[in-house]
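Trainee: Please see the structure below; I have some questions.
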Amino acid sequence: MKPTRAALRRAAKLLRRGRLVAFPTETVYGLGGDAGSSRAVAAIYAAKSRPGHNPLIVHVADVAAAQRLVRFNDRARALARAFWPGPLTLVLRRRPGVRISRLVARGLDTLAIRVADHKVARALLRATARPLAAPSANRSGRMSPTRAQHVVHALGCRVPLTLDGGPCIVGVESTVVDLAGGRAVLLRPGGVPREAIEAVIGPLAGGGGDARPKSPGQLASHYAPRLPLRLDAPAPRPGEAYLAFGKSPAGLAARSTRNLSPSGDLAAAAANLFAMLRALDRPEFAAIAVAPIPERGLGVAVNDRLRRAAAPRRGAPS
Ligand code: TXA
Ligand code: MG
């Protein structure tokens, strides 16, 4: 549904009754449920076929709502001021007695919290007046949805209502930073580049900055299209589709080629990533070859998703 006032009212009513609603954020579409309802949270895991050990992000409308759920420290205040609303998730200690289902963080004493920068997400949170648990609205292990049609295609009747807010402008998930311990740790590269976070709170531990980025073989498969991926490919081989970046090789067929950003813009590449992978993920091709993407700025998150998508898959490809 288009996010009209009537649709938002209906969505809020569903959520307050423990049902699920998919909604747009600036990063990817989320599959939302009342974070205070164990029934709703269990329904999110079931709809995604998500393994139970992977905790969910809690979305709130503003910083004040976040502060009611978790204990802020100086670094959290500085990052919230700099990047919220926006594509940043903070892991902080939960306050005792808050009405958040223990299923959200699988018994951990922390919560991952974010204030999304999207008017539909924020209107929905205000209308529902509850924190919403919302992972990306895809089947576990598959590509994240950046259009409402992606959600409907992947989850269909498992979600009673999907709000259509158009394409997501960031296109990769939020950056996740753990501030619950002594050190600030980058848990997932995402829509806010590491450099931007480090400019506010100093060096981050983890996340591939201290070590070299992990190779696909070391990673668990995630964000995967059906076709195999071949990374760092300057050109496609016969039978392959090609995901280019910057200037693409001459003479490629339009049908088998997409370009993440002909001008070499990494933000544009992130915004196009999942939609273009989907467009090329067709059985007529043997694989999707992907051009090299620079490992800086949003390119770090793009490469992280691509490496996971290229990781060996468990079980037969379906
Ligand atoms: O952009 C996004 O973050 C999207 C949109 C919908 O908001 N959401 C999203 O959620 O990507 P999800 O559930 O797919 O990713 C949650 C990430 C996972 O990497 C999870 O392990 C981590 O956050 N996480 C959640 N709670 C945590 C906690 N208490 N401690 C450490 N990591 C946590
Ligand atoms: Mg996800």
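Every number in this text was worked out from the coordinates using simple rules, so none of it is lab data. Fair warning: this is a prediction, and the values are worked out from it, not measured in the lab. Cβ coordinates were reconstructed from backbone atoms using ideal geometry, including for glycine residues, and neighbour counts include every protein chain displayed.
Trainee: Could you derive backbone 3J(HN,Hα) for the stretch 171-183 from the dihedral phi with the Karplus parameters 6.51, -1.76 and 1.60 (θ = phi - 60°), listing whole Hz in sequence and x where the residue is Gly or Pro?
Mentor: x, 10, 5, 5, 6, 10, 10, 8, 10, 7, x, x, 9
Trainee: Taking the alpha-carbon centroid of each part, what is the distance from the stretch 232-302 to the stretch 6-65 in angstrom?
Mentor: 32 Å
Trainee: Angle, helix 74-83 long axis vs. longest principal axis of the chain, Cα atoms, 0 to 90°, nearest 10?
Mentor: Helix 74-83 sits roughly 60 degrees off the main axis of the chain.
Trainee: Under the 0.36 nm per residue contour assumption, what length would be gained going from the current alpha-carbon distance of Arg9 and Asn54 to full extension? Before the final figure, lay out the partial values.
Mentor: On the way: separation 45, 0.36 × 45 = 16.20 nm, distance 3.03 nm.
Additional length available on full extension: 13.2 nm.
Trainee: Work through the residues other than Arg71 whose Cβ is under 13 Å from its Cβ and net out their charges, Lys, Arg +1 and Asp, Glu -1.
Mentor: Details: positive: Arg68, Arg75, Arg77, Arg93, Arg94, Arg95; negative: Asp74, Asp109.
Counting the neighbours of Arg71, the net charge comes to +4.
Trainee: Here is a further query. Amide H of Gly165 versus every other amide H placed in the peptide plane: which residues, excluding those fewer than 5 positions away on the same chain, fall under 5 Å?
Mentor: It is Ala148, by chain and number.
Trainee: Note down the nm distance, to one decimal, between modelled labels 7 Å out along Cα→Cβ at Glu195 and at Ala78.
Mentor: 1.9 nm
Trainee: Let me ask something else. Across 10 Å bins from the origin, how do the percents of Cα pairs in the chain run, short distances first?
Mentor: 6, 27, 35, 23, 8, 1, 0
Trainee: Taking amide hydrogens as modeled 1.01 Å from N in the peptide plane, which residues meet the under 5 Å criterion relative to Asp117, leaving out close sequence neighbours?
Mentor: Glu26, Gly86
Trainee: Here's something else I'd like to know. Residue by residue through the stretch 56-66, what is 3J(HN,Hα) from phi via Karplus (6.51 cos²θ - 1.76 cosθ + 1.60, θ = phi - 60°)? Round to whole Hz and write x for glycine and proline.
Mentor: For the stretch 56-66, the Karplus curve yields 9, 7, 9, 9, 10, 7, 7, 4, 4, 5, 5 Hz.
Trainee: Multiply the residue separation of Ala250 and Ala42 by 0.36 nm, subtract the distance between their alpha-carbon atoms, and state the gained length in nm to one decimal. Write down the numbers at each step before the final one.
Mentor: Numbers: separation 208, 0.36 × 208 = 74.88 nm, distance 4.98 nm.
Answer, rounded to one decimal: 69.9 nm.
Trainee: Mind checking which of Pro87, Pro135, Pro51 has the largest fluctuation in a GNM of the chain, springs on alpha carbons under 10 Å?
Mentor: Ranking Pro87, Pro135, Pro51 by mean-square fluctuation puts Pro51 first.
Trainee: Further, regarding this structure: What residues qualify as long-range amide H neighbours of Thr110, i.e. H under 5 Å apart, gap of 5 or more or another chain, H built at 1.01 Å from N?
Mentor: Arg94
Trainee: Would you work out the charge dipole size for the stretch 24-145 about its Cα centre, treating the Cβ of every Lys and Arg as +1 and the Cβ of every Asp and Glu as -1, and quote it to the nearest 20 debye?
Mentor: Details: 21 positive and 6 negative charges, 52 e Å.
Rounded to the nearest 20 debye, it is 260 debye.
Trainee: Taking other Cβ within 10 Å of each residue's Cβ, how do His150, His118, His222, His53 sort, fewest first? Show your work: numbers first, answer last.
Mentor: Working: His150 25, His118 22, His222 19, His53 7.
Neighbour counts put them in this order, fewest first: His53, His222, His118, His150.
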